[in-house]
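Q: My questions all concern the structure below.
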Amino acid sequence: MIFGKTKPRPIADFDFNVTDDWYPVDLAPESRSQWPRETAQEAVPSREGREVVTGALAVLHERLLGIDDPGLTAAVWIPDEEPAYVKCVLTFRVSEIESGETPESYEASLGSDENRRAPGEDYNIVKTWMAQIDAGIAVGAYNLITYTDPGEEYGHPEARTIIAVFPKGAAQKLEFIFTTQNIATFDDLVELSMGCVASTTVQLGR
């Protein structure tokens, strides 16, 4: 009797750990006024801080809605400290593994952003890595990007990590993107990102 290769299975469920000062984003369009206000109320003790964070969350909510990806999920990190601010944004989704796609080819694709230049967008640093975690193989990249608006002489920096998890035997991968504009106050974005991603557990479906 000849046995064929085991058919890849879809991801039925997954989970990962974050601290209590991460707050899920309600991406329903009708929550655009309610979610920023309620999240700031829960996360920020001072009235002045709540006003600032509410405004930032409202802008962020509109940007995430503009991505128009029904499979996208997001969370924000608002540490319990003064002054209060949104320190990091996390988006994550399940996506199909394309024909011929491997962790190695994914890493090569991430690395191809090195020295990338586009109007208003400069990739100053691109560093990639690959690591074995309990859930499978994690492939990541750290990007330091400078964005410059039209007419501005100086841009604003943004740090980002992109990490994909390829679970063994899965037909899909998990993609995490951590983004921060608080470069000077961030200890180690890669360490934070990998700490969350390494905790990932995956359940495959039939």
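Q: So what is the 222 nm mean residue ellipticity for the chain from helices alone, if each DSSP H run of at least 4 adds -39500 (n - 2.57) and you divide by all residues, rounding to the nearest 500 deg cm²/dmol?
A: Helix-only estimate at 222 nm: -7500 deg cm²/dmol.
Q: Rounded to the nearest 20 Debye, what is the dipole magnitude of the chain about its Cα centre when Lys and Arg each give +1 and Asp and Glu each give -1 at the C-beta?
A: On the way: 17 positive and 34 negative charges, 189 e Å.
Once rounded to the nearest 20, the dipole reads 900 debye.
Q: Additional query: Note down the relative contact order for segment 90-200 as a percent, whole number, built from C-alpha pairs under 8 angstrom at least six residues apart.
A: Numbers: 214 pairs, mean separation 28.4, N = 111.
Reported relative contact order: 26 percent.
Q: Let me ask something else. When only Cα pairs under 8 Å and 6 or more residues apart are kept, what is the percent relative contact order across the chain? List each step's numbers first, then the result.
A: Details: 379 pairs, mean separation 50.5, N = 206.
It rounds to 25 percent for the chain.
Q: Cα centroid distance between segment 129-206 and segment 59-118, in Å?
A: That distance is 7 Å.
Q: Now for a different question. Using modelled amide H (1.01 Å from N, peptide plane; none on Pro or chain starts), what sits under 5 Å from the amide H of residue 116, excluding residues fewer than 5 places away?
A: Amide H neighbours of residue 116: 123.
Q: Please compute the Cα-Cα pair-distance distribution of segment 90-200 with 5 Å bins starting at 0, giving whole percents from short to long.
A: 2, 11, 21, 22, 18, 12, 7, 4, 1, 0
Q: Name the longest site-free stretch of the chain, where the excluded sites are chymotrypsin sites (Phe, Trp or Tyr not before Pro) in a DSSP loop with no more than 10 other beta-carbon atoms within 10 Å.
A: On the way: sites that count: 3, 154.
Answer from the scan: 4-153.
Q: Net charge near residue 179: determine it from the other residues with C-beta under 12 Å of the C-beta of residue 179, scoring Lys and Arg +1 and Asp and Glu -1.
A: Working: positive: 63, 87, 160; negative: 158.
Around residue 179, the charge tally is +2.
Q: Right, next: Consider all pairwise Cα distances in segment 1-65 and report the whole-number % of them above 21 Å.
A: Values: 948 of 2080 pairs.
Of the Cα pairs, 46 percent sit more than 21 Å apart.
Q: Per residue of segment 62-73, in order, report the coupling 6.51 cos²θ - 1.76 cosθ + 1.60 (Karplus, θ = phi - 60°) as ³J(HN,Hα) in whole Hz, putting x for Gly and Pro.
A: Karplus values, whole Hz, x for Gly and Pro: 5, 5, 5, 5, x, 5, 6, 10, x, x, 7, 10.
Q: Work out the count of Lys pairs in the chain where the Cα-Cα distance is under 26 Å, with the pair 8 or more places apart or on different chains. Mind showing how you got there, number by number?
A: Values: 5/168; 5/173; 7/168; 7/173; 87/127; 127/168; 127/173.
Counting lysine pairs in the chain gives 7.
Q: Next question. Once Lys and Arg get +1 and Asp and Glu get -1 on their Cβ, which of 142, 120, 99 lies farthest toward the positive end of the dipole of segment 75-159?
A: Sorting the options by dipole projection puts first 99.
Each value in this text was obtained by applying a stated rule to the coordinates, not by laboratory testing. Keep in mind the model is a prediction, meaning the values are calculated, not measured. Using ideal geometry, Cβ is built from the backbone for each residue, glycine included, and neighbour counts are taken over all protein chains shown.
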